[in-house]
Amino acid sequence: MASWVEELHFPHVNIPVTIAHLLPVSPAGPISAAPGDSLYLSNLDDIIGARVFTPTIYFYRFDFLNNSTRKSVMKTLFDALSHVLVPYYPLSGRLRETKNGKLEVFFEQGQGALMVEAYSDLALDKLGELTVPNPAWSPLIFRFPNEEPYKILDMPLLIAQVTLFSCGGFSLGLRLCHCICDGLGAMQFLRAWAATAKSGTLVTNPDPCWNRKFFQPRNPPVVKYPHMEFMKIDEGSSLTRSLWQEKPVQKCYRISREFQAQLKFVAAQTNDQKFSYTTFDAMAAHVWRSWVKALDVKPVNYKLRLTFSVNARNKLKNPPLKDGFYGNVVCLACAVSSVYELITRHLTETAHLVHDARIGASEEYLRSTIDYVEVDRPTRLEFGGKLTITQWTRFSIHECADFGWGRPIYAGPIDLTPTPQVCVFLPEGEADPSDRMVVCICLPESATDKFKEFLSSVDQSRDEDVDRNN
């Protein structure tokens, strides 16, 4: 069964990159905004967790690329982006703060997205297998010199670096502001950009819908839930200290379909409820327990949180959300457990916590979240006792990113270590028919062997008492 969980290694390579040109990209035609105009962002868009750029990278093999076709890659991507920015014109604006720290998009002359033309003397095969995120790829994502961490104000909302390798292959490194779109919204935009590049004419299906006022807060606000996901919790445990004091390392593991099925089976064995657990319920519960056990978190009565995003599009009934909406429509679900309960109880009980948090992310919960932020806008990310799992397995990221040169050989994130309390579930790859999953997570080096041991074992529950220092 241990062979069902395989650690995936990535090479620590130095990638020399030369930046050739910074190219502002303006919409190719008139847009529905003039200089001086502004656009409303919902409280889901400008919540503290969305005030980031989401970096992703896409690698393409193109063995017959010559100097003329190398230039055509940049021109094709540039021209297509310019055309797509007409219907997706908010991405050509900038962010600014208004009263009470709320964000809005504003428009002035000379804005637009940014494309970066870059070159590397390396060939793609020198980067090793392009199967899992690799922090060494960071030079393939553009950052401004001396750019402050988490800077989003007065920044281009889309930054795209095209790096052409010596072999003819290339990478597309994207930084997309999370305030403008969530994961599904980003896939919708990427699909339109790729389809436009491939066809040579503007393609948007569905047509993009802005309408962020759909999520305006109620008057007066009605907060019906405690929203533990945002609550500041004093770090009274060893968890955060162990992750931030010792530089964490990123680890990636391939999880077979058989192992995922076994986890679901074990979780269901003592489940006397009238519902079944999803693969995500079982996997999230298992990873959470394994992580906490490997970190040897103390004291055992400390309350921990597992948070994860739930797509709420299909939960909106009154009224339903218009097709083509690409803004943030996610609830941050939150499961809570003490350390002791997490490491001693059966997997089914932890899966039950994840299931209930996921199902509880209802339309009313979403509206309550909007009102909570209106009443008490969080101003900083809270890490106390928290692991956040991000699920990419349902994104059609490879399919969306075919710009005319075939689907990417890798598509996804780069580096988790700047946010070591985030775990990512990735699809194995576009060509993999076996439904394997890749789990990427950060740990102190001293905890990696224990984590792999726990992750590879289906049932970690123990009946005996756990003797730990409080």
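Is it true that Ser92 is touching a helix residue (DSSP H, G or I) at 6+ places or on another chain (Cβ under 8 Å) and of a type in the set (Ser, Thr, Tyr)? Reasoning before the result, please.
Numbers: touching a helix residue (DSSP H, G or I) at 6+ places or on another chain (Cβ under 8 Å): no; of a type in the set (Ser, Thr, Tyr): yes.
Considered against the rule, which asks whether it is touching a helix residue (DSSP H, G or I) at 6+ places or on another chain (Cβ under 8 Å) and of a type in the set (Ser, Thr, Tyr), Ser92 comes out as no.
Please pick out the residue among Asp323, Asp281 that is acidic (Asp, Glu), touching a residue at least 12 places away in the same chain (Cβ under 8 Å) and in a loop (DSSP other than H, G, I, E, B).
Asp323
Looking at Lys232, is it of a type in the set (Lys, Arg), within 30 Å of Val375 (Cα to Cα), open to solvent by 30 Å² or more (accessible area, probe 1.4 Å) and touching a Phe, Trp or Tyr at 6+ places or on another chain (Cβ under 7 Å)?
Criteria not met by Lys232.
Looking at Leu130, is it of a type in the set (A, V, I, L, M), more than 19 Å from Val25 (Cα to Cα) and part of a loop (DSSP other than H, G, I, E, B)?
Yes, satisfied.
Which residue pairs have Cβ atoms under 8 Å apart, sit 6 or more places apart or on different chains, and have a first residue in the range 437-453 that is closer than 10 Å to Phe425 by Cβ and of a type in the set (Lys, Arg) and a second that is at pLDDT below 95 and surrounded by fewer than 22 Cβ atoms within 10 Å (Cβ to Cβ)?
Partner pairs satisfying both residue conditions: none exist.
Return yes or no: is Lys303 farther than 17 Å from Phe454 by Cβ, among the charged types (D, E, K, R), open to solvent by 10 Å² or more (accessible area, probe 1.4 Å) and under 23 Å from the mean Cα position of the chain (by Cα)?
So Lys303 does not fit the description; no.
Quick one: which residue in Lys102, Lys75 is more than 25 Å from the chain's Cα centre (by Cα) and among the basic types (Lys, Arg)? If you could, list the steps in order and put the result at the bottom.
Numbers: Lys102 fails: more than 25 Å from the chain's Cα centre (by Cα).
Answer to the check: Lys75.
Return yes when Gly36 is at positive phi and modelled with pLDDT under 95 and no when it is not.
Criteria not met by Gly36.
Can you name every residue in the range 120-171 that is surrounded by fewer than 19 Cβ atoms within 10 Å (Cβ to Cβ) and of a type in the set (Ser, Thr, Tyr)?
Listed by number, the residues that qualify are Ser138, Tyr150, Ser166.
Considering the range 180-205 alone, what residues qualify as being touching a strand residue (DSSP E or B) at 6+ places or on another chain (Cβ under 6 Å) and in a loop (DSSP other than H, G, I, E, B)?
Once the filter is applied, which keeps residues that are touching a strand residue (DSSP E or B) at 6+ places or on another chain (Cβ under 6 Å) and in a loop (DSSP other than H, G, I, E, B), the range 180-205 yields only Asp182.
What number of residues in the range 247-299 are open to solvent by 20 Å² or more (accessible area, probe 1.4 Å), over 23 Å from the mean Cα position of the chain (by Cα) and β-branched (Val, Ile, Thr)?
1
Which of the following residues is assigned to a strand (DSSP E or B) and over 27 Å from Glu97 (Cα atoms): Leu172, Leu176?
One residue alone meets the criteria, Leu172.
Take the range 417-445 and flag every residue that is modelled with pLDDT of 90 or more and surrounded by fewer than 13 Cβ atoms within 10 Å (Cβ to Cβ).
Glu445
Checking the condition in contact with a Lys or Arg (Cβ under 9 Å, 6 or more places away or on another chain), touching a residue at least 60 places away in the same chain (Cβ under 8 Å) and over 30 Å from Arg313 (Cβ atoms), which residue from Leu122, Leu164 passes?
Working: Leu122 fails: in contact with a Lys or Arg (Cβ under 9 Å, 6 or more places away or on another chain).
Among Leu122, Leu164, only Leu164 is in contact with a Lys or Arg (Cβ under 9 Å, 6 or more places away or on another chain), touching a residue at least 60 places away in the same chain (Cβ under 8 Å) and over 30 Å from Arg313 (Cβ atoms).
Looking at Phe259, Phe265, which is the one that is over 30 Å from Pro27 (Cβ atoms) and without any contact (Cβ under 8 Å) to a residue 40 or more places away in the chain?
Selected residue: Phe265, the only one of Phe259, Phe265 that is over 30 Å from Pro27 (Cβ atoms) and without any contact (Cβ under 8 Å) to a residue 40 or more places away in the chain.
Checking Asp182 against (1) open to solvent by less than 10 Å² (accessible area, probe 1.4 Å); (2) within 28 Å of Leu127 (Cα to Cα); (3) charged (D, E, K, R), which test does it fail?
(2)
The values are calculated or read from the model by the stated rules, or taken from the named source; none is laboratory data. Predicted, not measured: the structure shown is a model, and the values here were computed from it. Backbone-built Cβ (ideal geometry, glycine too); neighbour counts: all protein chains shown. The area values use the complete protein model at the heavy-atom level, side chains included, leaving out ligands, DNA and RNA. Shrake-Rupley method; radii C 1.70, N 1.55, O 1.52, S 1.80 Å.
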